Structures are given as structure tokens and as C-alpha cells.
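Everything below concerns the one structure shown next.
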Amino acid sequence: MTNKDYGYHTAIWRDEPEPDNPFAARASYCHGYDVYGEILQKASWAEYIYVLFMGERPSAWQEALLEKLAVCLVNPGPRELSVRAAMNGGVAGSPHAASLMSALAVGSGQYGGSHEVYLCMQLWQQCGQDLARWNDALLKPPVTEQADIWPAMEHAPGFDPNGETTPTPVSQSLTYLATFKDGGALAWLRDNHESLAGTLGYPLAMSGIAAAAFVDLGMDEHQATMLYLIMRLPGAAAHALEQRRLGWKKFPFYAEAIELQDDPGPKNNIDLSGITL
């Protein structure tokens, strides 16, 4: 009979159990830092998140950039599809977890969602700060090998195909976030996004700023995808709770804007003579 290793393997976390309860931790360490004896007292939320994902403490500018990026992303607002998904759950009285899962599901896609950030991060790896490469790559949206999960990309990742000019909040966010690292991805994007938008015919989106910020923070596309999803959840949660309180009578239903294809017409005009039960 052979011995099997049933332990979990992680370099992120280490627990020391309580002497009288092996299911409870006496002390917890994240990449070697004592979470409740050290991090709790000395670290900010952004600093702890960076340690958790990256395994080391951020510099002062990285901590500040991560915190301000979270401010930019925390509430995309009701115009954003993932927030409206959470609002639908809230007004329907769904469990709170269902509202958040709705926001995650809708917000994981490739139109302003986390998969768009993922693809944009891959473009940064491919193109760096080479404007010619960016112009060429953006005109040829990435082709995924997981066609059963992701359909073909219909626009350049990080840009808004429905826009004509860069939205003011996007410009404000980029201008401010680009100040944290001279010569970084955000600074390069600030100086070149109008040229790229001119090539495409549509402007930069917040997803493009997020991707550049994650590049400056030294993160890869998988870390960026996870954090982008997490950072946008608080706004979805707040709007879901608000709609739960307001109720369905104040929630819009766009009946006049709905058009059915192959509409069978009124029920009393449907011929049921050939149907047997």
C-alpha cells in the first residue's frame, strides 16, 4: 500500500493551528507576513492585495496606483452591463450571491469585461511600447482557440467600438494614473491613445486603462483578469441593494423597444386545430 499526499500545496499561505482545535488557525501567514499580527496593523488594503497576488510588498507608487485603479473601477455605473445584471437580481429579490454572480458572469466577457482585459494584456506582451506593432495588432483582433467559450473578437481590445470620442472619465483616469510611473505603460498610452483611436475609428475604453495599469503593476493577464472582476463588484452590489429597496415598480421595462422575430401574433389568431394532446 502506497502513501498518498493529500495535502494542499501553496506558497501563498501558511496556517498554524490552535492547540485545541486543528480546524482553526492560531496564526496565518501570507507570503511570510503575519496577517493578523502584522499586516492588519501596518498595511493598507491595496498593499495587502498586492502581497497576496504578487508575493512581495509593493513600492509606494505601486500601492498608490493599485488603490487609485480600484477607485476608477469600483462602480462602472448603471450604463455598464454587469451592473445592470446585478440590478436585475436585486429588484427581483434574488439572493445577494445571485446578484453578484450575475455581475461576474456578464462582466467576464469581451465587451468591456475581464476577458477583454485579458486579451489587452496579451497585446501588451506582444507589442510593448511599439506604436507600429499596436496599430497592426489592433486592426486584427485576436482569434481565440476556445471557440466554444469565446466567440471571435469583433473590436480591438481596450477600445470602445460604439464611441466616437474618449469619455471624460476615461480621460481623467488615464491622465491621473499615468503620473505614477514615468515611462510606464500608462504614460505611453496617455501619449499614444489618440493616435491608436484614429487608426481604429473609435476611442479608448476603461478596460484599456485597466490593462495598462496592471502592466505597470507587474501583473500577468490571469492576475489582471481576477482583480478586474473583483474591483468592479462593489458597485454592482450597491446598485443591486438599491434596486431591491426601490422595488420593481420603479424598474424600467422596455416593452416598446422589444421586437420579436417571427412573431406568431395574438394568441386568439393561432390555429391549434392540428395539435393533439
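The values are calculated or read from the model by the stated rules, or taken from the named source; none is laboratory data. Values in this document were obtained by computation on a predicted structure and should not be read as measured data. Here the Cβ is made from the backbone with ideal geometry for all residues, glycine too, and neighbour counts use every protein chain on show.
Could you give every pair whose Cβ atoms fall below 6 Å, whose first residue belongs to the range 89-109 and is not assigned by TED's automatic domain parsing to the domain that holds Leu233, and whose second residue is modelled with pLDDT under 95, counting only separations of at least 6 or pairs across chains? Close Cβ pairs satisfying both conditions: none exist.
A count restricted to the range 192-214 and to residues that are in contact with a helix residue (DSSP H, G or I) (Cβ under 9 Å, 6 or more places away or on another chain) and surrounded by fewer than 24 Cβ atoms within 10 Å (Cβ to Cβ) stands at 8.
Screening the range 113-210 for helices (runs of 4 or more DSSP H) wholly inside it with 1 or more residues that are under 17 Å from the mean Cα position of the chain (by Cα), among the acidic types (Asp, Glu) and in the same structural domain as Leu233 (by TED's automatic domain parsing) returns the ranges 114-127.
Return the residue satisfying two criteria in turn: it lies in the range 36-52 and is part of a helix (DSSP H, G or I) and crowded, with 16+ Cβ neighbours inside 10 Å, and of such residues it is farthest from the chain's Cα centre (by Cα). Top of the filtered list is Ile39. Exactly one residue out of Arg26, Arg79 is surrounded by fewer than 15 Cβ atoms within 10 Å (Cβ to Cβ), among the basic types (Lys, Arg) and either under 29 Å from Ala240 (Cα atoms) or in contact (Cβ under 8 Å) with a residue 40 or more places away in the chain (or both): that is Arg79.
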